[in-house]
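Shown next, in structure tokens, is the structure this report addresses.
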Amino acid sequence: MIKILFVCLGNICRSPLAEGILKSRIKSLDLENKISVDSCGTSKYHIGEQPDSRTLANAKSNGLQLDHQARQFMKEDFRNFDYILAMDNANLKNVHKVDQTGEFRDKTMLMRFFDLKDKNADVPDPYFGGEDGFQNVYEILDRSMDIFIQWLTEKHALQTK
């Protein structure tokens, strides 16, 4: 089982949306028994909360149903996940601070590494903006996820539907 973890700051906007998009793709490709997905935040601001209401509304308008409770990134996540994808450079640095020895650097990367439109840029935090910011984040994650899935299936020789 390949285990994927998405990371943002509070785990109520970007990372649960990325989790929902990947879960939907995994289901449509019949990879549910080969890939598992979770998300978390580097802060403890929203532990136990559901995704932001605007994230939920955006997900619904794009055909997704999110079911997630926010949690904080923990050192054990390095051992529990094969790939840890941060939404931005600040959160990638926060993840790296937890990995003080650099032992797990090969597991960590930016989500937009897989965005052919703007490789290695940050997925912007829509929290302080309007609905258009949430849709922009959805579109970034949606197109990045296609490349990420292609990369995963090639790297692990996964057969898709």
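The values are calculated or read from the model by the stated rules, or taken from the named source; none is laboratory data. Predicted, not measured: the structure shown is a model, and the values here were computed from it. For neighbour counting, all protein chains shown are included, and Cβ atoms are generated from backbone atoms with ideal geometry for every residue, glycine included. Side chains included, ligands, DNA and RNA excluded: accessible areas come from the protein's heavy atoms. Shrake-Rupley method; radii C 1.70, N 1.55, O 1.52, S 1.80 Å.
The slack in the chain from Val98 to Gln65, taken as 0.36 nm per residue of separation less the alpha-carbon distance, amounts to 8.8 nm.
Would you mind checking which residues have amide H under 5 Å from Cys13's amide H? H placed 1.01 Å from N; only 5 or more apart, or other chain. Here Asp52 satisfy the definition. Of the peptides 85-97, 142-154, the order by per-residue mean of other Cβ atoms within 10 Å, starting with the highest, comes out as 85-97, 142-154. Under 5 Å between amide hydrogens, built in the peptide plane, is the criterion, and for Arg71 it picks out Gly41, Gly48 among residues at least 5 positions away or on other chains. The H on the amide N of Lys3, modeled in the peptide plane, is under 5 Å from the matching H of Ser36, Asp82, Tyr83, each at least 5 residues off or on a different chain. Each Lys or Arg adds one and each Asp or Glu takes one away; over the other residues whose Cβ falls under 15 Å from the Cβ of Ala70, this sums to -3.
Summarised as an ellipsoid, segment 1-85 has semi-axes of 19, 19, 8 Å, derived from the eigenvalues of the Cα gyration tensor scaled by 5 and square-rooted, with the largest first. Fully extending the segment from Leu29 to Ala90 would add 18.8 nm, taking 0.36 nm per residue of separation and subtracting the current Cα-Cα distance.
Ligands, DNA and RNA left out, the 1.4 Å accessible surface of segment 68-142 is 48% carbon and sulfur atoms.
Potential lengthening of the chain between Ala121 and Asp142 amounts to 6.1 nm, from the contour at 0.36 nm per residue minus the alpha-carbon distance. Leaving out ligands, DNA and RNA, what percent of the accessible area of segment 1-46 is carbon and sulfur, probe 1.4 Å? Ligands and nucleic acids excluded, carbon and sulfur give 47 percent.
At a temperature of 10 °C and a viscosity of 1.306 mPa s, determine how fast the chain diffuses translationally according to Stokes-Einstein, using the Kirkwood radius over alpha-carbon pairs as Rh; express D in µm²/s, rounded to the nearest whole number.
102 µm²/s
Protein heavy-atom accessible surface, 1.4 Å probe, per residue over the chain: 52 Å².
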